[in-house]
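Undergrad: This is the structure I have questions about; it appears just below.
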Amino acid sequence: MAQHEVLCPLPGTFYRRPAPDKPVFVEDGATVAAGTVIGLVEVMKQFSEVQVEVGGTLVRFLVDNEAPVEPGQPLALIETA
Amino acid sequence: MALSIRKVLVANRGEIAVRVIRAARELGLQTVAVFSDADADSLAVRLADQAVGIGPAQAAKSYLNVERLLDAVKASGADAVHPGYGFLSENAAFAEAVAQAGAVFIGPSPQAIRTMGNKAAAREAAMRAGVPCVPGSDGVVSSVDEAVAVAARIGYPIMIKASAGGGGRGIRVAASADELVQQMTVAQTEAQAAFGDGAVYLERFIRRARHVEVQILGDGERVVHCWERECSLQRRRQKIFEEAPSPALDAATREALCTSAVKLAQAVNYRGAGTLEYLYDDDSREFFFIEMNTRIQVEHPITEMITGVDLVREMIRVCGGETLSLAQSDIVIRGAAIECRINAEDPSRNFFPSPGKVTGLQLPAGPGVRIDSMVFDGCTIPPYYDSLLMKLVIHAETRDAALARAARALRELRVDGVKTTAALHAELLADPEVRAGAFHTNWLEGWLAARTAPAAAA
């Protein structure tokens, strides 16, 4: 089993939900495929989706919802099969 | 009456915080900046007499955090709060909380913010004051027969709008009674499916609307206007380029428009600076009130340039207990002014945000050039807030001279390290339709689409 970190593409604020009153995109421990959206980064009031590049199990998020994030910062840990 | 305040806290950031600090200092007042963790070394912090940290970078935890702001008011001993624009500037509860904390809110009364901030209440107030609003149905229209009767009164083409829609969604246009009969049911079904609410109402469809707005100033008793601004060049409902006066109005229409704004502001005993937004129909030459902003606006400097009135100083003075120093006859239009919003965005990548460190800066200067800015060489533009870096404000004796001067100033401007919209403005200034003032609120999006897909446009 290999571990893979999802890196933040942009500086801004990380969100795990599409909207404050909506459920999270994915839960810890969920199975994800390449292209699965796991969160949003808000940069200057514009939102960009964060997608995973490889499929596997999303072991856990490495940043909190609404945390400030930097480019290259690991956002989540994925275990590939 | 003398000014009752001596220390102003600016509950904002960026260029408007700098603008307010400048006006307050010229009045002999002490100034307090507030800053989030991301703005600790901002220009406003550098320029203010005092600066107070108010929490984490995200606006919800700092610039929108009433408790932290009130703590900063107490800690600094400020006796007045200027809210700037955006953030809490049109929040009546914040205005009340500031007053309860014993400080002066530099803006209108909470009551006026509430009335004018609610679209339906503002429309009612406008109609009571005899100010024209976009003709429409009186609320929800439920049957096809009722729709046809309403449309006969308003005229065609007519818009069917979903009550629960907004931001341009849930709108259909009918050009005739036949089309209206056809589309009513479809519109109701669509609204039900899209918004979970099938209610629709009718409104006059304006094919080519301009966004024209009137600047007013009031002291709670008397109101004057400072003429109009035209802000039709918008992308996604964000203004990009504004000018004053509007190139579309003749003298009689201008007078009627501005007088109507004064009537409405007077009806709510307005205090401070405010802006009444109108749609102007190029085809019928009618204007219609749409809403009022109860705060200073981003584009206020173009009004200052053509009238010589310092709007921020005046709003501080009247909210600090003085009466308006200006009579309407004192406020005359001199020349023309343009504002180009220089945003940290990349126009070649669909306006993608471009925060980061400014590694080099050359600002234009010379006659008729004013820059309202948050930028200095070496500063960092944080990703957490809007992308406005600076406003290039140009004044000249005529509109043509202002266009030429703006183009000249843009050639002098250089911002290294982040992408900006400066080159886009240079292109806009060279466009024949912009030069002729021949645009409307959908013009810029069409222009941008044609620019990125020239083959499709041909």
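Undergrad: Grab the other residues whose beta carbon is less than 13 angstrom from that of B:Glu345, score K and R as +1, D and E as -1, and report the net.
TA: Counting the neighbours of B:Glu345, the net charge comes to +4.
Undergrad: Using a 7 Å offset from the Cα along the Cα-to-Cβ direction at both B:Asn442 and B:Lys119, what is the distance between the two label points in nm, to one decimal?
TA: 1.8
Undergrad: Evaluate Rg over Rh across the range B:116-255, taking Cα atoms for both radii and Kirkwood's formula for Rh.
TA: We get a ratio of 1.02 for the range B:116-255.
Undergrad: Stretched out fully, how many nm does the piece from B:Asn269 to B:Ser284 gain, at 0.36 nm a residue minus the Cα gap?
TA: 2.2 nm
Undergrad: What full-extension length gain, to one decimal in nm, is calculated for B:Asp145 and B:Thr359 as 0.36 nm per residue of separation minus the Cα-Cα distance?
TA: Answer, rounded to one decimal: 70.6 nm.
Undergrad: I've got another one for you. Estimate the FRET efficiency between B:Ala193 and B:Arg25 by the formula 1/(1 + (r/R0)^6), using the beta-carbon distance for r and 56 Å for R0, to the nearest 0.05.
TA: 0.50
Undergrad: List, in order, the whole-Hz ³J(HN,Hα) value for each residue of the range B:353-363 obtained from phi through the Karplus relation with A = 6.51, B = -1.76, C = 1.60 and θ = phi - 60°; use x for Gly and Pro.
TA: For the range B:353-363, the Karplus curve yields x, 9, x, x, 8, 7, 9, x, 8, 10, 9 Hz.
Undergrad: Students sometimes get this wrong: rank B:Lys61, B:Lys391, A:Lys22, B:Lys161 by accessible area, probe 1.4 Å, all chains present, largest first.
TA: A:Lys22, B:Lys61, B:Lys161, B:Lys391
Undergrad: Over the range B:209-457, what is the relative contact order in whole percent, taking alpha-carbon pairs under 8 Å and six or more residues apart?
TA: With pairs under 8 Å counted, the relative contact order is 21 percent.
Undergrad: Which whole-Hz ³J(HN,Hα) couplings does the range B:433-444 yield from phi under the Karplus relation 6.51 cos²θ - 1.76 cosθ + 1.60, θ = phi - 60°, glycine and proline marked x?
TA: Per-residue couplings from phi come out as 6, 5, 4, 8, x, 9, 9, 8, 5, 9, 5, 5 Hz.
Undergrad: Taking the Cα centre of chain B as origin, sum charge times position over the Cβ atoms of Lys and Arg (+1) and Asp and Glu (-1), and report the length of that vector in debye to the nearest 20.
TA: Computed charge dipole of chain B: roughly 640 debye.
Undergrad: Enumerate the amide H contacts of B:Met390 below 5 Å, restricted to partners 5 or more residues apart or on another chain; note that Pro and chain-start residues carry no placed amide H.
TA: B:Ile342
Undergrad: So what J values fall out for the range B:212-226 if you push phi through Karplus, 6.51 cos²θ - 1.76 cosθ + 1.60 with θ = phi - 60°, rounded to Hz, Gly and Pro as x?
TA: These are the phi-based 3J(HN,Hα) values: 10, 9, 10, 8, 10, 9, x, 10, x, 10, 10, 10, 10, 10, 10 Hz.
Undergrad: Among B:Gly117, B:Ala48, B:Ala191, whose Cα projects farthest towards the positive end of the dipole of chain B, with charges put on the beta-carbon of Lys, Arg (+1) and Asp, Glu (-1)?
TA: Result: B:Ala48.
Undergrad: Charges at C-beta only: +1 for Lys and Arg, -1 for Asp and Glu. How large is the resulting dipole of the protein assembly as shown about its Cα centre, in Debye rounded to 20?
TA: The calculation lands at about 720 debye.
Undergrad: Could you work out the relative contact order of chain A? I mean the mean sequence separation of Cα pairs under 8 Å and 6+ apart, divided by the number of residues, in percent.
TA: Over chain A, the number comes to 43 percent.
Undergrad: Further question on the same structure: How large is the accessible surface of B:Thr253 in square angstrom, using a 1.4 angstrom probe and rounding to the nearest 10?
TA: Solvent-accessible area, nearest 10 Å²: 20 Å².
Undergrad: Here's another thing I want to ask about it. With angles folded into 0 to 90 degrees, how steeply does helix B:177-195 sit against the dominant principal axis of chain B? Use alpha carbons for both and round to 10.
TA: 50
Undergrad: Taking a ≥ b ≥ c as the square roots of the Cα gyration tensor eigenvalues, with a/c under 1.5 meaning rounded and otherwise prolate when a/b beats b/c, else oblate, which class fits the protein assembly as shown?
TA: rounded
Undergrad: Gap in Å between the Cα centre of the range B:376-427 and the Cα centre of the range A:30-76?
TA: Their Cα centres are 34 Å away from one another.
Undergrad: Right, another one. Go ahead and set up a Gaussian network model of chain A, Cα springs under 10 Å, then flag whichever of A:Phe47, A:Phe14, A:Phe61 fluctuates most.
TA: Per the Cα network of chain A with a 10 Å cutoff, A:Phe47 tops the list.
Undergrad: Exactly which GluC sites (Glu not before Pro) in chain A are in a DSSP loop and have at most 14 other Cβ atoms within 10 Å?
TA: A:Glu27, A:Glu53
Undergrad: Estimate the FRET efficiency between B:Met127 and B:Ala177 by the formula 1/(1 + (r/R0)^6), using the beta-carbon distance for r and 25 Å for R0, to the nearest 0.05.
TA: 0.45
Undergrad: Where a Cα-Cα gap under 19 Å defines reach, which aspartates and glutamates qualify for B:Lys263, not counting those fewer than 8 residues away within the same chain?
TA: By straight Cα distance, B:Lys263 reaches B:Glu124, B:Glu213, B:Asp219, B:Glu221, B:Glu228, B:Glu255, B:Glu277, B:Glu286, B:Glu291, B:Asp330.
Undergrad: Still on this structure: How far apart, in nanometres, would the label points at A:Asn65 and A:Ala2 be if each is projected 7 angstrom from Cα along the Cα-to-Cβ direction?
TA: My value for the distance between the label points is 3.2 nm.
Undergrad: What number, rounded to the nearest 500 deg cm²/dmol, is the helix-based mean residue ellipticity at 222 nm of the protein assembly as shown, given -39500 (n - 2.57) per DSSP H run of at least four residues and division by all its residues?
TA: -9000 deg cm²/dmol, from helical runs alone.
Undergrad: From the square roots a ≥ b ≥ c of the eigenvalues of the alpha-carbon gyration tensor of the range B:7-106, which class results: rounded (a/c under 1.5), prolate (a/b over b/c), or oblate?
TA: rounded
Undergrad: Taking a spot 7 Å from the Cα of A:Glu49 along the direction of its beta carbon, which residues of the range A:1-20 have an amide N less than 13 Å from it?
TA: Within reach of a label on A:Glu49: A:18.
Undergrad: Remind me, relative contact order of chain B in percent, using alpha carbon pairs under 8 angstrom and six or more residues apart?
TA: 15
Undergrad: Could you name the lysines in cross-link range of A:Lys22, using Cα to Cα under 27 Å and dropping any fewer than eight places away on the same chain?
TA: Cross-link targets: A:Lys45, B:Lys61, B:Lys161.
The values are calculated or read from the model by the stated rules, or taken from the named source; none is laboratory data. Note that the coordinates shown come from a computational prediction; the quantities given were computed from them, not determined experimentally. Every residue, glycine as well, gets a Cβ built from its backbone with ideal geometry; the counts of neighbours run over all protein chains shown. The area values use the complete protein model at the heavy-atom level, side chains included, leaving out ligands, DNA and RNA. Shrake-Rupley method; radii C 1.70, N 1.55, O 1.52, S 1.80 Å.
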